[in-house]
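Asks: The structure follows.
The values are calculated or read from the model by the stated rules, or taken from the named source; none is laboratory data. Keep in mind that this is a model prediction, so the values were computed, not measured. Virtual Cβ from ideal backbone geometry, glycine too; neighbours counted across all protein chains shown. Surface accessibility is based on the protein's heavy atoms, side chains included, excluding ligands, DNA and RNA. Shrake-Rupley method; radii C 1.70, N 1.55, O 1.52, S 1.80 Å.
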Amino acid sequence: MITREEQTARREQNAALTRTGAGTPMGDLLRRYWIPALIATELPEPDCPPIRAPLLGEKLVAFRDSEGRIALVDEFCAHRRVSLWFGRNEECGLRCAYHGWKFDVTGQCVDLPSEPEDSGVRQRMRIKSYPCIEQGGVIWAYMGPPELRPPPPGLEWSLTPAPQRFISKRFEACNFMQALEGGIDSSHVGFLHRGQFRRGETASQQIGAMIEGDSPVFEIEPYDGGLLIAARRKVADQYYWRVTPWIAPFHQLVPRRHDSSPIFGHSWVPIDDEHCWAWSYGYHPDRALTRAELADYRNGGGIFEKTLPGAFVPVANKDNHYLMDRNAQVAGIDFSGIAGIAAQDSSLQESMGKIVDRSLENLVATDRAIVMTRRSLLGAIAANRTGAPLPGLAPESQRVRSCGVTLATDIPFELGARTLLFPHRQTRREERAGAAE
Amino acid sequence: MITREEQTARREQNAALTRTGAGTPMGDLLRRYWIPALIATELPEPDCPPIRAPLLGEKLVAFRDSEGRIALVDEFCAHRRVSLWFGRNEECGLRCAYHGWKFDVTGQCVDLPSEPEDSGVRQRMRIKSYPCIEQGGVIWAYMGPPELRPPPPGLEWSLTPAPQRFISKRFEACNFMQALEGGIDSSHVGFLHRGQFRRGETASQQIGAMIEGDSPVFEIEPYDGGLLIAARRKVADQYYWRVTPWIAPFHQLVPRRHDSSPIFGHSWVPIDDEHCWAWSYGYHPDRALTRAELADYRNGGGIFEKTLPGAFVPVANKDNHYLMDRNAQVAGIDFSGIAGIAAQDSSLQESMGKIVDRSLENLVATDRAIVMTRRSLLGAIAANRTGAPLPGLAPESQRVRSCGVTLATDIPFELGARTLLFPHRQTRREERAGAAE
Amino acid sequence: MITREEQTARREQNAALTRTGAGTPMGDLLRRYWIPALIATELPEPDCPPIRAPLLGEKLVAFRDSEGRIALVDEFCAHRRVSLWFGRNEECGLRCAYHGWKFDVTGQCVDLPSEPEDSGVRQRMRIKSYPCIEQGGVIWAYMGPPELRPPPPGLEWSLTPAPQRFISKRFEACNFMQALEGGIDSSHVGFLHRGQFRRGETASQQIGAMIEGDSPVFEIEPYDGGLLIAARRKVADQYYWRVTPWIAPFHQLVPRRHDSSPIFGHSWVPIDDEHCWAWSYGYHPDRALTRAELADYRNGGGIFEKTLPGAFVPVANKDNHYLMDRNAQVAGIDFSGIAGIAAQDSSLQESMGKIVDRSLENLVATDRAIVMTRRSLLGAIAANRTGAPLPGLAPESQRVRSCGVTLATDIPFELGARTLLFPHRQTRREERAGAAE
């Protein structure tokens, strides 16, 4: 069906999209952004145990020093490459258990017991270290060139007070692009997750249209943060729009059910090329989350998922066939016998293999969000080479919300939904007014 | 001991014999035949759950549709390569859980919810599908070029009524050629399996000769189905012959103990190049199997083997050292401390590694059956390239039986055993008479 | 920090040091020596079960024949490469379970049932076999060219009567050089193992200096067996020396605590390039080990380690994080939360990965023993090519002891400690006297 040349091109594109190690085009691009590395509570207090924190194919170890500063450093000691996971976190540094070399949060060796201090040897010893910040309950790492380090993230959830947000992550055994493409693909919601929507609440006319009606029509508009992915469905004589912003490089917001509901979102972060963290968060910009909401999220409700005690591995995983129930699949209203949105997504994304061969796929009209996102990422890779601006890098470009909104058929969604999507931005009229002052 | 050149030639032959993927010489040959793919009861009823059914290195999924038709199709959806094992088998098709694309038994996409029917997109979407038939309690697949599809199998057991046969399969963790060569190698029976023969029945003089006497003399005669492998032993002043037909490409019949006993046989089918299905069957051409016989077979008696509940993995397997009992090995009458013919065979075949390096072997006179079978298969590979006839492809060529028979020393076995081996074929005299009518 | 060229050179050196298969430079060197292959009790009596005994990347099987002779032979039968581990050890030979071929301790086929004896076929069949000797409770194998086979080992512990020694081994999941370098690296003792020394006995002034004082100064002197690695610490106005002899290619002695304590030592033997045996032994040259000493060693005290029942895998291993206790690490006096010298060493050596990339290390002054040992081994590799003498090959060159000794600052350790290190050798004066007689 496709030519050999075309297939080679597709395979090259696949490699460009999925390889994230240092020095790869995508790896270099991702390293320009702040990356969610850990839930802040994984390093609960000063001098707590170090933990392994591999990211983008690099083996790293994280610790919080005596003064609360966060370190994300090479897992292996500069001396003879022993794992520092076995080290002792003590008095503002991580001390290797082998010969007692000690490194501070910057990766600098601050004690090398066997060498006289004036030999200068200690001073020359350092391990790779990445700057980290703590924001929104998450530890963020910057793994790129120091001179290009951007300001802290502007993602709204990360700037929201703790009582207004809930953060979780789960392990997914596939390349981050498979998970990311699942996230931005609104078209599967009405199939894979239809049971959730039917059961989840008194089905509004809008939700009914989403899971029962015709296929949505997709409109995709670029914005400075990435892409606004809008799915349009006819409800009575209006359009019901669901807008899923993709924020470069790997963030995404789930459409709100209604204007006063919490906003949900994901970040899909490569651990290495065959595993990723699926971050999930819910927040409300204006109020604390309720006790019932928090209980639901902790219990694996909505987009969240129950994980094994002391780990971030889902209870329902490949080893137990995601607890699939074939009877439920047959009897139920959805196509999957698997319970829960996250497990449904993980099961299918992992079923594609560690890195799916995109040269074999057959994309259709409803995959336009995927096509556009790939194109944006490949464009950003090119921009990163030439020094052109990158989408979603400036904090203000990340200030966007998802929304669901019903509009008259003649109003473009990016106009009609503007204040819902960008409540923090001035309208052009306000801008002009501001400029005139 | 052997030259470098000779070793290179041996390694190339090894690759030719063991690689079964699409496009390999052996893979192309095997794809000319009907292949046992599943026990029919693995797909017990219309709309039952789909199951994974990998064959010859291809990842496939099988299902039985609402009308009872059997499908063997690509495991992965044409759209974005999600596993269809997670799909729902419903109303004459398997529906992918991701976006609801639905495929029928021919692999044709019959529903693509997001596309208007008149766009023609759905019609262009299809997944690889192989025709299947159900015969003799087995689902057979044909994976070759459609125009070369042969008539249904003529193997006698597959044409025998259900009460007269017993079918089973077990997983073996090695290349199919290792298992096949074990099957056609009569010379190991008197060693590896001698305990079974001694314990199994009141030892006849013939069986006594087999396990106690001198090495047999092998005579191997080609026939249109493959090879007649005959082992000759002197009993009193006659020859006791045991004839093990190999039916190309991977079927084999075990010699009958006496004319009225059931006939046993195996098929060795590649799952991929490092794993195979060892099919085992017993049937009686003239009568129903007795309750005692069936109970014995289900209990792992004779050539059969007990497998783990809900799986086809033997209870005695590599992980538990095949339940080897060193004391039994020392005290017993056989050389293996392992109980059961099948476990004995599996243990040694798997001990050779996934694909044994045949360049290192030292074959002797009693390995002639193995040498001839390899030669036949390599000949068939060549014939497949040039379009010449293939052994064992025509159904009538598969109508052969195993036998054990005592003959005067001056009678060639293929003459003296002809009516036992080929009861369905006319003798030449009958043929001539028939032609004269 | 280092040039590309330098890094390439380092990587080549790393390969030279760590690859031990047949035909590799290090593999060829190691094959010049007697190698500890098994604890003698692993083959407890004549005709006991055969066991797998892989060494230096070669898959081998060992057995003790009816006359008590030890065999170390190819794991796979000459005939069709079935594992002889499944064979029966009987009447002076190991009989393959498949076709009954039988091999004696020399690897010669002594029975080939299917072939007439006068055909000469049996006589031509043999499997690889390595000569073995039993000495000091250990089965030693020689895997090198027959004409270069050295006299039996001269290592003192192996020549000591059974009541005076204790032998054990444990499995380590990394390359043997990582374990060897841990063994000769005295500089980590005061850090990684400091808890053991503090708890182990009433701390003498000398031991106190070792774990509390300044870094030791290392002096390394070659001797005919390898290297004398001496660590010097100031105690009052004298030097406290601890001497750790490395005996080529992979033996090492632990410094004695005092002149009347047992001597401990290790051998680090490649199973393959990613796994090794860590042999540990304790012996007293002059007296039987006490009941208390033996109980302590069996219980995993000192350098010894508890292993899983029926195996040589440590109870504390990677799968259980070496039973690390983070609280003990924080509260304790050592840098590791892991109990026991051997588990401390294994945890860190295995944490480096199967084969550490030495091109990334940063060696300092206290690593001189490691640098010198590598240099010696690379020198020995070169000597092996040219036929020059090899360190540690002659039995008398292996007659060395470890020691701890306090000397006046102006006395070179190799002079002051000579009678402790080499009690079996004459002093030069004695030699001269002897020569004069």
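Asks: How high is the FRET efficiency from C:Lys234 to C:Thr419, r the C-beta distance, R0 22 Å, rounded to 0.05?
Replies: 0.40
Asks: So, one more: In whole angstrom, how far apart do the alpha carbon centroids of the stretch A:285-326 and the stretch C:294-313 sit?
Replies: Answer, in whole Å: 44.
Asks: Just add up the charged neighbours of B:Ala316: K/R +1, D/E -1, any other residue whose Cβ is under 13 Å from the Cβ of B:Ala316.
Replies: -3
Asks: Per-residue HN-Hα couplings for the stretch A:390-402, Karplus 6.51 cos²θ - 1.76 cosθ + 1.60 at θ = phi - 60°, whole Hz, x for Gly and Pro?
Replies: 10, x, x, 8, 6, x, 5, 5, 8, 7, 9, 10, 7
Asks: What share of all Cα pairs of the stretch C:1-107, in percent, falls into each consecutive 10 Å distance bin?
Replies: Final binned percentages: 15, 35, 24, 13, 8, 4, 0.
Asks: Using a 1.4 Å probe on the protein heavy atoms, what percent of the accessible area of chain C belongs to carbon and sulfur?
Replies: 52
Asks: What is the projected area of the convex hull of the Cα atoms of the stretch A:264-335, averaged over all directions, in nm²?
Replies: Result: 7.1 nm².
Asks: May I pose another question? Taking θ = phi - 60°, what integer Hz values does the Karplus form 6.51 cos²θ - 1.76 cosθ + 1.60 yield along the stretch C:4-14, in sequence order, with x for Gly and Pro?
Replies: Taking θ as phi minus 60°, the curve returns 4, 4, 4, 5, 4, 4, 5, 5, 5, 4, 4 Hz for the stretch C:4-14.
Asks: Can you list, shortest first in nanometers, how far C:Ala288 lies from the same residue in the other copies, with each label 7 Å from Cα toward Cβ?
Replies: Values, ascending and in nm: 7.5, 7.5.
Asks: For C:Tyr223, enumerate residues with amide H under 5 Å from its amide H, sequence gap 5+ or separate chain, H modeled in the peptide plane.
Replies: Correct list: C:Leu228.
Asks: Kindly state, to the nearest 0.05, the FRET efficiency for C:Gln108 paired with A:Ala16, given R0 = 45 Å and r defined as their beta-carbon distance.
Replies: So the FRET efficiency works out to roughly 0.15.
Asks: Against the longest alpha carbon principal axis of chain B, how many degrees, from 0 to 90 and to the nearest 10, is the axis of helix B:341-351 turned?
Replies: Tilt relative to chain B: about 70 degrees.
Asks: Then there is this: What pairs in B:Lys169/C:Lys318; A:Lys102/A:Lys318; A:Lys318/C:Lys318; A:Lys234/A:Lys318; A:Lys128/A:Lys306 have C-alpha atoms more than 32 Å from each other?
Replies: As for pairs spanning more than 32 Å Cα to Cα, those are B:Lys169/C:Lys318; A:Lys102/A:Lys318; A:Lys234/A:Lys318; A:Lys128/A:Lys306.
Asks: I'm checking a number: the convex hull volume of the Cα atoms of the stretch C:301-410, normalised per residue, in Å³. What is it?
Replies: Per residue, the Cα convex hull of the stretch C:301-410 comes to 243 Å³.
Asks: Now for a different question. Summing -39500 (n - 2.57) over the DSSP H runs of n ≥ 4 in chain C and dividing by its residue number, what mean residue ellipticity at 222 nm do you reach, to the nearest 500 deg cm²/dmol?
Replies: -7000 deg cm²/dmol
Asks: Check each residue of the stretch C:54-84 and keep those whose accessible area, probe 1.4 Å, is at least 10 Å² smaller with all protein chains in place than in the chain alone; give them in order of residue number.
Replies: So the qualifying set is C:Phe76, C:Ala78, C:His79, C:Arg80, C:Arg81, C:Val82, C:Ser83.
Asks: Give me the one-decimal nm value for the distance between modelled label points at A:Val217 and C:Glu91, 7 Å along each residue's Cα-to-Cβ direction.
Replies: 9.1
Asks: On to the next question. Count neighbours as other Cβ atoms within 10 Å of each site's Cβ, and list the trypsin sites (Lys or Arg not before Pro) in the stretch C:262-300 that are DSSP loop with at most 15 such neighbours.
Replies: Working: sites: C:Arg287, C:Arg291, C:Arg298; in loops: C:Arg287.
The qualifying sites are C:Arg287.
Asks: Also, quick follow-up: Which of the residues in the stretch B:88-103 show a loss of at least 20 Å² in accessible area from their chain by itself to the complete set of protein chains, at a probe of 1.4 Å?
Replies: B:Arg88, B:Arg95, B:Ala97, B:Tyr98, B:His99
Asks: Once the other residues with Cβ under 11 Å from the Cβ of A:Ala231 are scored (Lys, Arg +1; Asp, Glu -1), what is the net sum?
Replies: Residues near A:Ala231 contribute +2 overall.
Asks: On alpha carbon coordinates alone, what is the Rg over Rh value for chain B, Rh being the Kirkwood radius? Don't skip to the end; give the middle numbers.
Replies: Values: Rg = 23.1 Å, Rh = 23.3 Å.
Ratio of gyration radius to Kirkwood radius for chain B: 0.99.
Asks: So what's the gap between the Cα centers of the stretch C:43-81 and the stretch B:354-426, to the nearest angstrom?
Replies: A separation of 37 Å, based on Cα centres.
Asks: Enumerate the amide H contacts of A:Met352 below 5 Å, restricted to partners 5 or more residues apart or on another chain; note that Pro and chain-start residues carry no placed amide H.
Replies: Here the answer is B:Ser83, since their amide H atoms fall under 5 Å of that of A:Met352.
Asks: Ignore the peptide's own chain and count Cβ atoms of other chains within 10 Å of each Cβ in A:346-359; give me the average, rounded.
Replies: Average neighbour count from other chains, rounded to a whole number: 4.
Asks: If you don't mind, another one. If you average over every viewing direction, what projected area does the convex hull of the Cα atoms of the stretch A:80-144 give, in nm²?
Replies: One quarter of the hull surface, i.e. the mean projection, equals 5.4 nm².
Asks: Could you tell me the total accessible area buried at the A-C interface, probe 1.4 Å, in square angstrom to the nearest hundred?
Replies: Using a 1.4 Å probe on protein heavy atoms, the buried area is about 2600 Å².
Asks: Separate question: Distances longer than 41 Å among the Cα atoms of the protein assembly as shown: what percent of all pairs is that?
Replies: 60
Asks: Go ahead and collect, in residue order, the members of the stretch C:151-178 whose backbone nitrogen is under 15 Å from a label point 7 Å along the Cα-Cβ direction of C:Ala288.
Replies: C:161-166
Asks: Given a 1.4 Å probe, how much area per residue of the stretch C:287-391 is accessible, in Å²?
Replies: 46
Asks: I want to make sure I understand the PRE zone here: with the label point 7 angstrom from the Cα of C:Leu378 toward its beta carbon, which residues in the stretch C:1-27 have backbone N atoms less than 17 Å away?
Replies: C:2-20, C:25-27
Asks: Another question, then. Do you know which residues of the stretch A:362-398 lose at least 10 square angstrom of accessible area in the protein assembly compared with their chain on its own, with a 1.4 angstrom probe?
Replies: When all protein chains are present, A:Asn362, A:Leu363, A:Val364, A:Ala365, A:Thr366, A:Asp367, A:Ile370 each give up 10 Å² or more of accessible surface.
Asks: Since chains B and C are linked by a rotation, which residue in B has the beta carbon closest to its axis, and how far is it in Å?
Replies: B:Asp319, 10
Asks: Explain nothing, just compute: Karplus ³J(HN,Hα) = 6.51 cos²θ - 1.76 cosθ + 1.60, θ = phi - 60°, for every residue of the stretch B:419-424 in order, whole Hz, x for Gly and Pro.
Replies: 5, 6, 6, 10, x, 8
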